[in-house]
Amino acid sequence: VTGVDGSVDTEVVVVGGGIGGLATAFALASEGRAVRVLERASEFTEVGAGLQMAPNATRVLARWGMLDRVVDVGVRPRRLAFLDALSGEELTSLDLGEGFRERYGAPYVVLHRTDLLQVLVDGCRDVGVELVTDSDVSAVHHDEGGATVMVGDRRVRAEVVVAADGLRSMLRERLDPTPPVASGYVAYRGALAVSELPPEQVPPDLDDVVVHLGPGCHLVQYALRRGEILNTVAVFESPAFGRGEAEWGGPDELDAAFAGAGPRVQRGLASLWRDRRWPMSDRLPIDRWVDGRMMLTGDAAHPMLQYLAQGACQAIEDAACLADAVGRTGADGGVDWSTALTMFVESRQPRTARVQTTARTWGEIWHVDGVARMLRNELFRTRRLDDYTHVDWLYGDQSPIPPRTT
Ligand SMILES: Cc1cc2nc3c(=O)[nH]c(=O)nc-3n(C[C@H](O)[C@H](O)[C@H](O)COP(=O)(O)OP(=O)(O)OC[C@H]3O[C@@H](n4cnc5c(N)ncnc54)[C@H](O)[C@@H]3O)c2cc1C
């Protein structure tokens, strides 16, 4: 038992060592805070699949000195292209080239989750974060002087606790007792070596992030790790979920959901792992992220459906904003945590709420059928390719980390 006399073991405990937790730990330690990360798994790792990082996140990585390494282990895609999954027609695209990088002050990068986590782990070690695995946090008790984090029989005293324990956050329950909202959609993923794929399974446009939009389903493909790995994600609405069955989203439903899709999408399905699947859930935005000396971040605060590819990007923005707030409220070597946490939530809540709700709407637009699909396709077809109005708010200077600061 440590710290029972009221002294602290560390200034900040971060619960959870995913992208959000590690990014927060790095950012706070870079501001001179003493940080310990408690992760329940036996190592800092993520499922080996891909992640898209938009410039609102890569600007932060640039500021942290991590962008070169991220670009080096990732891929800078040429375009984000949207195709109709049934007809195979390309409907529209977003040019992610040099003009895009200049507009937003940082590139669009796709990379292996493990690679990003490794960059963050190394960054944390460089700035002196204590990284502790095998630490399943069971509770946090707070008092005037700080908080006590329970890990089995162990106690850790801290001035402030950051709950970065993900979508199913146990620590969030004190602020919001409701469970995550199941969307009825399920994701299958695959990340396979391009060199080991039959040639017909390698998409013709490996330089692009390609999204095939179908009724109640979609398929995304892009290359990772300098083009060596093909990442595939297939998502569909489960009829068994709609019928209220306990078991839903199995491989039989996967094949049935894409039965009407064109040959290219059918070939893409062959690149999926079929023994694992990820049911998709999110939550509605909440206003309160702070309970005494404990605050939520990342998916614990604002879990979203993945259609905008922003969950991890927003967790990285969170980390940068929290560190900014801490930097602004610090004096004489200490931090006014209560003011810093208030500033953090005020700056982050409206933006992440918008991303959460827009992600849902964007997913609905992807999955329409019938007349709505015809209208969606016509709107997409007639969109000017140099029109960035729909992404400026997300990638550009309305984000809390504006382009010019890097
Ligand atoms: C199919 C799919 C595709 C996606 N694509 C993208 C994308 O392209 N771009 C993007 O930005 N986002 C994407 N996302 C979202 C992104 O993966 C998440 O938003 C992000 O990983 C959240 O990070 P986090 O650190 O908040 O939570 P998590 O990654 O869930 O990490 C939580 C950590 O806390 C640990 N933990 C939990 N409970 C405890 C406890 N009690 N004690 C100690 N440790 C604990 C867990 O072991 C875990 O390591 C996608 C999500 C999905 C499902």
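The values are calculated or read from the model by the stated rules, or taken from the named source; none is laboratory data. All values reported here derive from a predicted model rather than from experimental measurement. No Cβ is skipped: glycine too gets one built from the backbone with ideal geometry, and neighbour counts run over all protein chains shown. Note: areas computed on protein heavy atoms with side chains; ligands, DNA, RNA excluded. Shrake-Rupley method; radii C 1.70, N 1.55, O 1.52, S 1.80 Å.
General remarks:
- Qualifying residue in the stretch 291-306 (condition: of a type in the set (A, V, I, L, M, F, W, C), within 8 Å of the ligand (Cβ to nearest atom) and open to solvent by 10 Å² or more (accessible area, probe 1.4 Å)): yes
- Residue check for S138: in a loop (DSSP other than H, G, I, E, B) and near the ligand (Cβ under 10 Å from one of its atoms): no
- The residue that is nearest to E196 (Cα to Cα), counting only those in the stretch 243-278 that are part of a helix (DSSP H, G or I) and of a type in the set (A, V, I, L, M, F, W, C), is L269.
- Restricted to the stretch 359-376, and to residues there that are part of a loop (DSSP other than H, G, I, E, B) and open to solvent by less than 70 Å² (accessible area, probe 1.4 Å), the residue that is farthest from H302 (Cα to Cα) is V368.
- Helices (runs of 4 or more DSSP H) lying entirely in the stretch 16-92 (those with 1 or more residues that are of a type in the set (S, T, Y) and within 13 Å of the ligand (Cβ to nearest atom)): 19-30, 55-63
- Of all residues in the stretch 227-252, those that are over 19 Å from G363 (Cα atoms), buried (at least 16 other Cβ atoms within 10 Å of the Cβ) and either in contact (Cβ under 8 Å) with a residue 24 or more places away in the chain or among the charged types (D, E, K, R) (or both) total 4.
- Residue in the stretch 377-388 that is least open to solvent (accessible area, probe 1.4 Å), counting only those that are touching a residue at least 24 places away in the same chain (Cβ under 8 Å) and not in a loop (DSSP other than H, G, I, E, B): N377
- Residues satisfying the stated conditions in the stretch 195-211, i.e. part of a strand (DSSP E or B) and away from the ligand (no atom under 13 Å from the Cβ): V210
- The set of residues in the stretch 202-214 that are open to solvent by 30 Å² or more (accessible area, probe 1.4 Å) and within 22 Å of R274 (Cβ to Cβ) contains only V202.
Every residue, every condition in (1) surrounded by fewer than 22 Cβ atoms within 10 Å (Cβ to Cβ); (2) out of contact with any strand residue (DSSP E or B) (no Cβ under 9 Å at 6 or more places or on another chain); (3) in a helix (DSSP H, G or I); (4) of a type in the set (S, T, N, Q), yes or no:
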position	(1), (2), (3), (4)
A323	no, yes, yes, no
L341	no, no, yes, no
R354	yes, yes, yes, no
T357	yes, yes, yes, yes
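- In the stretch 167-194, the residues that are in contact with an Asp or Glu (Cβ under 9 Å, 6 or more places away or on another chain), surrounded by fewer than 20 Cβ atoms within 10 Å (Cβ to Cβ) and assigned to a loop (DSSP other than H, G, I, E, B): L167, R168, L175, P180
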